[in-house]
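The values are calculated or read from the model by the stated rules, or taken from the named source; none is laboratory data. The structure displayed is predicted, hence computed values, not measured ones. No Cβ is skipped: glycine too gets one built from the backbone with ideal geometry, and neighbour counts run over all protein chains shown. The accessibility values were calculated without ligands, DNA or RNA, using every heavy atom of the protein model including side chains. Shrake-Rupley method; radii C 1.70, N 1.55, O 1.52, S 1.80 Å.
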Amino acid sequence: MIGLKRGTVTLYPHQTEWDEQATRTIEQLKEFFGELAVDIQHVGSTSIPNIAAKPILDFAVGIYDFKKLEQLVPKLEKEGIIYRPSDDREGHRLFVMGDFGRDTRTHHIHVVEYQGKEWQQQIFFRDYLKEHPQAAKEYETLKVKLQKQYPLDRNAYTEGKADFIQQILHKMRINEKENQIK
């Protein structure tokens, strides 16, 4: 199963379909973004084996030139990849895919500066949880608790995960400092 009504929170056990769909989607995104995309990675909870996740696939698309991205928006939207300017942040643009008639989202596409802060954080967080199964299970436990608390409030659910995510990203900053000292 892939897709979830916007604003809701429902978790499902990890499904191999997510991995297969992510591989296909990355190939499509490479075609749509062309040379603008330096790298495209499957990120978010659906990319972490053995933990429950919302059935929405997240991707980090690393680029260098946001001006060229602006020119690409009409083409992406013709392909069903809809730009969400209300979610813009410095060095981050969000695009979504889904069944908009049913208000369902299937994909979140985070276009970020390649090797910039957001890129590094998304990749580090994913890789850390893949390499540390105990931390992944702690994250899953938190997500299940938050889903029960906020099944119809995705913002509260997301905010509830923020401290855990920051704790993991703090490990990234420690690693960066240790590597600078060496």
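The figures follow:
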{"item": "Test: residue in segment 41-61 that is more than 23 Å from residue 131 (Cα to Cα), outside any strand (DSSP E or B) and open to solvent by 10 Å² or more (accessible area, probe 1.4 Å)", "result": "no"}
{"item": "Pick from segment 85-105, criterion basic (Lys, Arg) and touching an Asp or Glu at 6+ places or on another chain (Cβ under 9 Å), ranking: surrounded by the most Cβ atoms within 10 Å (Cβ to Cβ)", "result": "105"}
{"item": "Residue 36 surrounded by 13 or more Cβ atoms within 10 Å (Cβ to Cβ), within 16 Å of the chain's Cα centre (by Cα) and not β-branched (Val, Ile, Thr)", "result": "no"}
{"item": "Cross-chain or 6+ apart pairs with Cβ under 6 Å, segment 33-59 first and of a type in the set (Ser, Thr, Tyr), then part of a helix (DSSP H, G or I)", "result": "46/18; 47/126"}
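Let's see how each residue does on (1) modelled with pLDDT under 95; (2) within 23 Å of residue 157 (Cβ to Cβ); (3) charged (D, E, K, R):
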position: 14; (1), (2), (3): no, yes, no
position: 23; (1), (2), (3): no, no, no
position: 30; (1), (2), (3): no, no, yes
position: 48; (1), (2), (3): no, yes, no
position: 63; (1), (2), (3): no, no, no
